[in-house]
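The values are calculated or read from the model by the stated rules, or taken from the named source; none is laboratory data. Computed from a predicted model, the values in this text were never measured in an experiment. Reconstructed Cβ throughout: ideal geometry from the backbone, glycine too, with neighbour counts over all protein chains shown.
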Amino acid sequence: MTGLRYVYAVCRPFGTPLQAQLAGVAGDPPRLLTHHGLVAVVSHVPEADFAEEPLRAHLEDLDWLTAVARAHQGVIDALTTVTTPLPLRLGTVFRDDSGVRTMMEAREEGFLRTLERLDGRIEWGVKVFVEAERAPDTAAAPPPRRPASGRDYLRQRRLQTKSHDDLWQRAEAFSTRLHETLSGCAEDSRLHAPQNPTLSGASGRNVLNAAYLVPRSESEKFVETVERTRDGEPGIRVELTGPWAAYSFAGEESATGEGT
């Protein structure tokens, strides 16, 4: 099959085969391209969509981008079950196999160093959200009565503001304690910026958005630690995601650009 080479990840050689029916970006099954002590996971993609100019245009198309991201993540997830992949940036494309090998050779030392650090480890994501509408002092309360005067209205507003501020302070304190606990169960951690609810679609306001690097052998213990916190604070929601490839800990080695 002709076309450009789409690169999902770099990893060390592994013996377990990928899923037989695994489809990559543009529907082409991923294959392994070996160079020295590294393996690039690649598939063919059409030049009409993935050459520099059409790719730049497609990146403005949310539906197209979502489909590519889903296929890309599907390959990374499949790799994570059999090895420790170093994911490359979405849309990493090269002209041919030779271009992929040239990239691996140029960055071989950095790839091997990062893979050594990440070997046998996976990433878990933990988010904490404030859900004021679920707070116990508002969820079961009757509808507020109509204020009898301007002073009554201001008093109601002060009470509402205080309730919101108290919940927010509890959420921040809870998140600080949780992050300290989970960091003690992980080899490394990263604090990301809170998610914008308009973009993420998640309900509530995001207080903690963190990633944790955990040995596979310790993952069950880590998950149990998170699960014990889920119902600990009314009005506060804890979300656990993963296991993922270690995106947050790959550093510069994951940021390979388009190379056609």
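Values for this structure:
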{"read-out": "Selection count where residues are β-branched (Val, Ile, Thr) and assigned to a loop (DSSP other than H, G, I, E, B), scope the range 1-36", "value": "2"}
{"read-out": "Sole residue being closer than 29 Å to SER217 by Cα and modelled with pLDDT of 90 or more, chosen from LEU62, LEU112", "value": "LEU112"}
{"read-out": "Among (1) in a loop (DSSP other than H, G, I, E, B); (2) surrounded by fewer than 21 Cβ atoms within 10 Å (Cβ to Cβ); (3) not acidic (Asp, Glu) - the single one THR84 does not satisfy", "value": "(2)"}
{"read-out": "Members of the range 187-222 found to be without any contact (Cβ under 8 Å) to a residue 40 or more places away in the chain and outside any strand (DSSP E or B), listed by number", "value": "ALA193, PRO194, ASN196, PRO197, THR198, LEU199, SER200, GLY201, GLU218, GLU220, LYS221"}
{"read-out": "Flag if GLN73 is over 22 Å from ARG107 (Cα atoms) and touching a residue at least 40 places away in the same chain (Cβ under 8 Å)", "value": "no"}
{"read-out": "Residue in the range 90-103 that is farther than 23 Å from ALA245 by Cα and free of Cβ contacts under 8 Å to residues at least 60 places away in the same chain present", "value": "yes"}
